[in-house]
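Note sheet for the following structure.
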Amino acid sequence: MTVVDLAFRSMRKNIKHYYLYFFALIFSTSLYYIFSSLQHDHAVQEMASESVDFFTAFQVAGILLIVIVSIFTVYANRIFLKRRSREIGLYQLIGLSKGWVARYLIIENTLLGLGALLIGIVCGALLSRLFLLILMKLLGLEGVLGISINAKAIFMTVLVFLIIIVFTSIQVLLSIYRTTLLDLFQADKQQEHPNKPRPFLATVMALLGISLIGFGYQLSGHMLNDQLFLNMLLVLSTTIAGTYLVFRVTISWGIYWFRKRKNGLLGLYNSLSLAPLMHRMRSNASSLTLITVLSAMAITLVSIAYSLYYTVEQDTRLQMPYDFLIENREQEAEAFRLELEQEGIDFQHGQVEALRIKGSIHGSQTENDGVTRDLLWLPAEQLIQTGKVLKVPSNGEVIFYNARANIEAFMDVNTESSNQDMWLELQGKPDIYPISSMILENIINYNVYGLQLLASETTIDEIREQTEYFEEIRFDTFLIPNKQEREQASSIYEKYVPKDSFMPDFYSEYQNSLQKFGLLIFISAFLGLAFLIATGSILYFKQMTEAEQEKQSFKTLRQLGFDVNMIMKGIARKQAFVFFIPLLIGLLHSWFAVKAASILVISSITVPTITAMGMYALIYFIFAVLTLRYYRKIVKSQML
């Protein structure tokens, strides 16, 4: 029997341990092939907006996927090698050289990798049309596309995953030659022997871990300043360090004091759940930290992407309350109005006469406080006639409208209320106008230059009479009630837009944003799924190994009279900790990260964020169920 035959035989024997790893590799290979093929698909790129950079987006997504797969394969390979340490030791004990054993394992690893690569490419080619249809649906595109095999995508996929196979083969080689025969036979028996923690030092380190995380959370809400990059690095480093200390010290310290309060009498359920954690917490701290951080990154990525996509129409409308806006071009506005009538498009036309004047806003307590800017004064009565639902401010009262006030530093990003003590002054005029409120939306389309201020016609007339330097502006506004007619109206509007001017309309802006965020949610969703499969699989493999190591304990419990259900209750408690503590901490990390990034979205992101987190937690729960099923199988085998 050749080494290759032995490798095939070993793979068939261990398929029950490899199937999830094999599936994860196939999924990753398929996903990378699909990303690579879409990166070079010119048909979709031609249909999409020019502002959507498919090539760069899928190139970055491919790099992130390679990082995820590399981390996953290295961790999984290390777990499998440790799990098979006794088998490797037996090969050496019967006289086989380390070179033979290394060659045998490398062949097995290569066959497994090549099999996943081949199946992954085939699945990717077959599913690429489905993924393409999903992408087109998200982007709001329509068209008929044929199935094609992309040679460049196949080449890149084969190259990348061959490099990963070579890397894991080197890992196998180093592991074989660096491990002694004694270590191989004792690998599955190696457990930590937790020492009694030093009360003062343990307490300080335990509280330090929680404090670092709390500091990271607090700083994440105040990152938007001149030191944004430094703040981001500080938040990331303190959160990761705090998470490691929580797993390495805080939890161990808590379990130790819990056991001390029980005088060492933990009982069956606590012995099956807490005792294994105490004996392995030090070695598991790094992996649990990695899993928690990766989970938080994945949840944050998916939540933000889904929030942006979910609110794209509402956010666009908050920035562009009118479908079309023409400034100081009466003839073009009239021609556009007549053409809309000729085409039978229902619309509402209005006219607004505004003032643009220099002035400054005070009391915002931000970097923009007192800075001289162009102020756009808009009469509430005329805006109401264009179709806006407004309350006319009293004489001398001003309402400040700005959809991006938090990003443009006109308000504290953590301020829930917009009723700040603010006022404005006009250049060359001593009078002060109080700002009664600030509203996070635009009263007129964002492309109009000047800070948007709503006032009564009486107030604006007084400013016109008392101020020497100002600019009179006329706006022609158009609203299209029927959504189906906006595309046709947008194509008509394009004829009246000069080449060198920036005059966007609502429909074009909405479509551009929809395609950008549709591409983002497509990439984020599948990268998040890859993150989830990788982290869930690592936990599953680790628990498989621990289940094998605890067989003797289950046999002893059977001899003492305990049945399967009693043992499984204790194991369920342990799995609840192993799976859901990293998940809960990851969810908490991501919640604050999403909250910090919420300035990118004008609308509420609570619903999309909770939805994304709920879906992530549900899939994580499936991995926990699979682990419990495996444990039950092991426990039952020891009851015979």
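The values are calculated or read from the model by the stated rules, or taken from the named source; none is laboratory data. None of these values were measured; they are calculated from a predicted model. A quick note on method: Cβ atoms are made from the backbone with ideal geometry, for glycine too, and the neighbour counts reach across all protein chains shown. Surface areas here come from the heavy atoms of the whole protein model, side chains and all, with no ligands, DNA or RNA. Shrake-Rupley method; radii C 1.70, N 1.55, O 1.52, S 1.80 Å.
Can you name every residue in region 108-131 that is buried (at least 20 other Cβ atoms within 10 Å of the Cβ) and of a type in the set (A, V, I, L, M)?
Passing the criteria: Leu112, Ala116, Leu117, Ile121.
Failed condition for Met639, given (1) outside any helix (DSSP H, G or I); (2) under 22 Å from Asn284 (Cβ atoms), with all others met?
(2)
Here is a check on your reading of the model: is Thr29 within 28 Å of the chain's Cα centre (by Cα) and assigned to a helix (DSSP H, G or I)?
Considered against the rule, which asks whether it is within 28 Å of the chain's Cα centre (by Cα) and assigned to a helix (DSSP H, G or I), Thr29 comes out as yes.
Going through region 309-337 one residue at a time, which ones are among the small types (Gly, Ala, Ser) and either closer than 19 Å to Ala405 by Cα or surrounded by fewer than 16 Cβ atoms within 10 Å (Cβ to Cβ) (or both)?
Ala335
Determine whether Tyr91 is open to solvent by 30 Å² or more (accessible area, probe 1.4 Å) and hydroxyl-bearing (Ser, Thr, Tyr).
Judged against the criteria, Tyr91 is a match.
For region 620-640, which residues satisfy the criterion of being within 18 Å of Thr292 (Cβ to Cβ) and either open to solvent by 50 Å² or more (accessible area, probe 1.4 Å) or among the small types (Gly, Ala, Ser) (or both)?
Phe621, Ala624 - these are the residues of region 620-640 that are within 18 Å of Thr292 (Cβ to Cβ) and either open to solvent by 50 Å² or more (accessible area, probe 1.4 Å) or among the small types (Gly, Ala, Ser) (or both).
Quick one: how many residues across region 545-567 are within 36 Å of the chain's Cα centre (by Cα) and at pLDDT 80 or above?
Count: 1.
Could you tell me which numbered condition Thr73 fails, if it satisfies all but one of (1) open to solvent by 10 Å² or more (accessible area, probe 1.4 Å); (2) over 21 Å from the mean Cα position of the chain (by Cα); (3) modelled with pLDDT under 85?
(1)
State which residue pairs qualify: first residue part of a helix (DSSP H, G or I) and inside region 159-176, second residue modelled with pLDDT of 90 or more and not hydroxyl-bearing (Ser, Thr, Tyr) in any location, beta carbons under 7 Å apart, and separation of 6 or more residues or different chains.
Phe161/Leu117
For region 285-308, which residues satisfy the criterion of being within 17 Å of Val578 (Cβ to Cβ) and of a type in the set (Val, Ile, Thr)?
Thr289, Ile291, Thr292, Val293
Can you find, within region 32-44, the residue that is most open to solvent (accessible area, probe 1.4 Å) among those that are over 11 Å from Asn150 (Cα atoms) and either more than 23 Å from the chain's Cα centre (by Cα) or of a type in the set (A, V, I, L, M) (or both)?
Across region 32-44, the extreme among qualifying residues is His42.
Run down Ala572, Ala576, Ala597, Ala617 and say which single residue is under 22 Å from the mean Cα position of the chain (by Cα), within 25 Å of Ala547 (Cα to Cα) and in contact (Cβ under 8 Å) with a residue 12 or more places away in the chain.
Ala617
Being more than 24 Å from Ile163 (Cβ to Cβ) and in contact with a Gly (Cβ under 7 Å, 6 or more places away or on another chain) narrows it down to one of Leu138, Leu96, so name that one.
Leu138
In region 491-512, what count of residues is obtained for those that are under 19 Å from Pro321 (Cβ atoms) and in contact with a strand residue (DSSP E or B) (Cβ under 8 Å, 6 or more places away or on another chain)?
Total meeting the criteria: 4.
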